[in-house]
1. G254 - would you say it is surrounded by fewer than 17 Cβ atoms within 10 Å (Cβ to Cβ), away from ligand 2 (no atom under 15 Å from the Cβ) and not hydrophobic (A, V, I, L, M, F, W, C)?
2. Can you find a residue in the stretch 103-112 that is within 22 Å of A175 (Cβ to Cβ), open to solvent by 50 Å² or more (accessible area, probe 1.4 Å) and part of a helix (DSSP H, G or I)?
3. All but one of (1) within 30 Å of L283 (Cβ to Cβ); (2) assigned to a helix (DSSP H, G or I) hold for D379; which doesn't?
4. Go through the stretch 116-141 and give me each residue that's modelled with pLDDT under 90, over 18 Å from H98 (Cα atoms) and buried (at least 17 other Cβ atoms within 10 Å of the Cβ).
5. Is at least one residue of the stretch 299-310 open to solvent by 60 Å² or more (accessible area, probe 1.4 Å), within 13 Å of ligand 1 (Cβ to nearest atom) and over 19 Å from L397 (Cβ atoms)?
6. Given the condition open to solvent by 10 Å² or more (accessible area, probe 1.4 Å), among the hydroxyl-bearing types (S, T, Y) and out of contact with any helix residue (DSSP H, G or I) (no Cβ under 7 Å at 6 or more places or on another chain), answer yes or no: does some residue in the stretch 262-279 qualify?
7. Give the residues of the stretch 257-283 that are outside any helix (DSSP H, G or I) and away from ligand 2 (no atom under 11 Å from the Cβ), sorted by residue number.
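The values are calculated or read from the model by the stated rules, or taken from the named source; none is laboratory data. Bear in mind that the values here come from a model prediction, so they are computed numbers and not experimental data. FYI the Cβ positions are ideal-geometry reconstructions off the backbone, even for glycines, and counts take in every protein chain you see. To get the accessible areas, we keep the full protein, side chains included, count just its heavy atoms, and leave off ligands, DNA and RNA. Shrake-Rupley method; radii C 1.70, N 1.55, O 1.52, S 1.80 Å.
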Amino acid sequence: MTEPGRRPSVVDSIQTTDAFIRGAGRVFLVTLYTALRSLKLYPLENSQVQKSLDDLTAAVHVLLDREKEIELRVTGEFIFVNATRLRLDLDNYASFSHVLGILKAVGVGSIRAVEGADRREWTTLLSVLLAVSARDASVNRYFELTTKLQDANVTHVSVEPPIESDLNEEEEERAKEQAKRTYQRSVAVTKEVINSVRMGRTASVKKVKRAVQAIVDQVLSSESSLVGLTTLRDYDDYTFTHSVNVCIFAVALGRKLGLTKLQLYDLGMAALFHDVGKSRVPLEVLNKDGSLDEEEWRIMTAHPWLGVLTLFGMRGYGEVPYRSMIGAYEHHMKGDRTGYPKSIRPRDISIFSKVIAVADGFDAATSRRTYQTTPIQPDAVLKEMLENPKRGYDQILVKAFINLIGVYPVGTLVILDTYELAIVTGANPNPEFVHRPMARVISDSAGTVVYPGHVVDLSAQDGEGNFQRSIIKVSNPEKYGIRVSDYFV
Ligand SMILES: [Fe+2]
Ligand SMILES: [Fe+2]
């Protein structure tokens, strides 16, 4: 918006152009989608088809009048109109994914139109696109499309293949965005369920199920992007972020163990609900500063079986959620049954519960809570979990977990021999270098913070075969006033 009396600056005009394209581009995309759909369902003479083509032509005119040229480009899961990214929301999601699907199927990266593009050319393009997208994969669909457009003398509307170099960066960006959405939605859903239980209302499990499926799908397609988000621990939202983190770690670990997708859904549900019994523990006890007295401890350690009771009362499950009940019941029992609740008869702890216990132990020990002001460093936690048998974790699972998140887990602050500070962003893609992860350098050697910093490969060597950077030690981010999660959003 321009204030009165001020001349519009370049920035203003860019902003208004952006806003214009976002608006007009959205209309263009929706009319394109509607025309494609109607053409697929009805013959060309049908009045609905005719109207949709009118609408499309009108939308094209609005854009061409001002921009002289239109470029609709798809990269990863994004759609750009004249280099402006269209925002994805629920209203236009269907049109987005439908158009994306057709363009991807034919191998089209962008559609371009210049002045003179008329209704006939658009009709031809859309009809041919539809016909070609339905051909089987043995045909070179892109080649067939361009040949047919040429034959039909379509010259003002054209197509181009995807730009290869864009792909990786965009894909990565897309995975990150997607991971963030999945994470935030899962936390919100968990909050909703736990708060309903706390207030004595029945909670719907359907939403949780969907959130867990999204987590599993995400972990299967791009594991590191979601695992990185487990560093986003909100102090106030500990109960909810903890449940989501345990779910993410458990699913990622389950995947390493070779569980099927359906088993991962089950495991994810059980993990997300492992502490659901805590919603029946009074908040004064749950958030108490300092140690618990005997009565408080009794209530706190009741959360496993309170969880079982809570799960009994949940609707929308269809069947009894017995795996989740077992997870809720067993996750503090420990391998040698010295934990709680005490088992009277000998008992084999289920593999799901053992996985959840590892994920739970790691997340709880590395996060900051009311009664634990400084989190313990991730590498120290892993060492303790592996080496102290009293902790009662399954050794093989802890080893698999270390394999998964690395000796220096994502989010660890490390000091390098260059005196730079860096935050670990992921394991080294080369498994030979488990001690040399990928890390984001966030301060220079003089200690000046750089934001957002740049990612380096700690296995990189100079011309003489010496490592350019090595980890000297792990440190506590709070000591430097660093919030690790700032570097993951
Ligand atoms: Fe627990
Ligand atoms: Fe827990």
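1. no
2. yes
3. (1)
4. The answer is A117, and nothing else.
5. As a first pass, look at the stretch 299-310 and keep what is open to solvent by 60 Å² or more (accessible area, probe 1.4 Å): 305, 309.
Among the residues that remain, those that are also within 13 Å of ligand 1 (Cβ to nearest atom) are: 305.
Now narrow it down to the ones that are over 19 Å from L397 (Cβ atoms): 305.
The answer is yes, given that some residue of the stretch 299-310 is open to solvent by 60 Å² or more (accessible area, probe 1.4 Å), within 13 Å of ligand 1 (Cβ to nearest atom) and over 19 Å from L397 (Cβ atoms).
6. no
7. Step one: filter the stretch 257-283 for residues outside any helix (DSSP H, G or I), giving 257-260, 273-275, 281-282.
Hits for the stretch 257-283 are L257, G258, L259, T260, V281, P282.
Residue-by-condition table, conditions (1) of a type in the set (A, V, I, L, M, F, W, C); (2) touching a strand residue (DSSP E or B) at 6+ places or on another chain (Cβ under 9 Å); (3) modelled with pLDDT under 95:
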| residue | (1), (2), (3) |
| --- | --- |
| K278 | no, no, yes |
| D293 | no, no, yes |
| P304 | no, no, no |
| I326 | yes, no, yes |
| S353 | no, no, no |
